[in-house]
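J.: Supplied in structure tokens, the structure appears directly below.
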Amino acid sequence: MPIGRRLPDFDYATPGWYFVTCVTEGRRQLLGELEKDGVVLSRIGRVVADEWESTLRARFWISCTASVVMPDHFHALIGWNDVPTNRCGTLGGLMAHFKGNSIRRLRRERLVAPWETIWHRRYWDQVIRGRRQLEATARYIENNPAQAWLRRSQRPVPR
């Protein structure tokens, strides 16, 4: 599924559904190992998954119907409701909070060096435009580990 570019003049605090992807810097496989039955998360991957849950708990106006931590990236399908007037909330702010908190925790737990980062500087997003796209995106996220395993197992073996 292609990942869209940011839409010019679009208010990313608008209620609706968004598909987001964060990639590790250099596509390093830091978050886990791909296995036939799914992804076995590394210690770093478990922190990332935990920080995503923490990020959602702190923002009751956001729901997440599907997410997956892959060895070198993270996908989530999030529903955005009206942001309370006393809160600041944009998609960019959400992703900055998530990525920032995850790297700070990884440094604090000494899973990465103090100067190291795990995330690519940007993230990718796609505005979901209807029920069919919402359902297709949820299926894509849920099937991502199996599809990645299938692609990997079909690669030719080098001689």
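The values are calculated or read from the model by the stated rules, or taken from the named source; none is laboratory data. Remember, it's a predicted structure, so these values are computed and weren't measured experimentally. Here the Cβ positions follow ideal geometry from the backbone for every residue, glycine too, while neighbour counts run over all protein chains shown. The protein model used for the area step is the full one, side chains on, heavy atoms only, and it has no ligands, DNA or RNA in it. Shrake-Rupley method; radii C 1.70, N 1.55, O 1.52, S 1.80 Å.
J.: When ranked by the protection proxy of mean other Cβ atoms within 10 Å per residue, highest first, what sequence do the peptides 104-117, 46-59 form?
T.: Answer by packing, highest mean first, reads 46-59, 104-117.
J.: How big is region 110-159 along each principal axis, measuring the range of its Cα positions in Å and listing the largest first?
T.: 43, 38, 17
J.: Ok, one more. Just need the relative contact order of region 27-122 here, percent rounded to a whole number, with Cα pairs under 8 Å and 6+ apart.
T.: That works out to 26 percent.
J.: Quick one: plug the Kirkwood hydrodynamic radius of the chain (C-alpha pairs) into Stokes-Einstein at 4 °C, 1.567 mPa s, and report D in µm²/s.
T.: Roughly 78 µm²/s, to the nearest whole number.
J.: Based only on Cα atoms, what mean projected area does the convex hull of region 20-69 have, in nm²?
T.: 4.1 nm²
J.: Would region 23-101 count as rounded, prolate or oblate if I go by the C-alpha gyration tensor, calling it rounded below 1.5 in a/c and otherwise prolate when a/b exceeds b/c, oblate otherwise?
T.: Judged from the Cα gyration tensor, region 23-101 comes out prolate (a/c at least 1.5, a/b above b/c).
J.: Using mean Cβ contacts within 10 Å as the protection proxy, how do 92-101, 60-69 order, highest first?
T.: Highest mean packing first, the order is 92-101, 60-69.
J.: So what is the calculated 222 nm ellipticity per residue for the chain, using -39500 (n - 2.57) for each DSSP H run with n of 4 or more, over all residues, to the nearest 500 deg cm²/dmol?
T.: That calculation yields -12000 deg cm²/dmol at 222 nm.
J.: Note down the magnitude of the dipole of region 1-113 about its Cα centre, charges +1 on Lys and Arg C-beta and -1 on Asp and Glu C-beta and zero elsewhere, to the nearest 20 debye.
T.: For this selection, approximately 440 debye.
J.: Now a separate question. If you roll a 1.4 angstrom probe over the protein chains with everything in place, what fraction of the accessible area of the chain belongs to carbon and sulfur, to the nearest %?
T.: 49 percent
J.: Can I ask one more? In terms of modelled amide H atoms, which long-range or inter-chain residues lie less than 5 Å from the amide H of Ser42?
T.: Here Gly32, Glu33 satisfy the definition.
J.: Something else about it: Kindly report the accessible area of region 80-136 per residue (heavy atoms of protein chains, probe 1.4 Å, no ligands, DNA or RNA), in Å².
T.: 66 Å²
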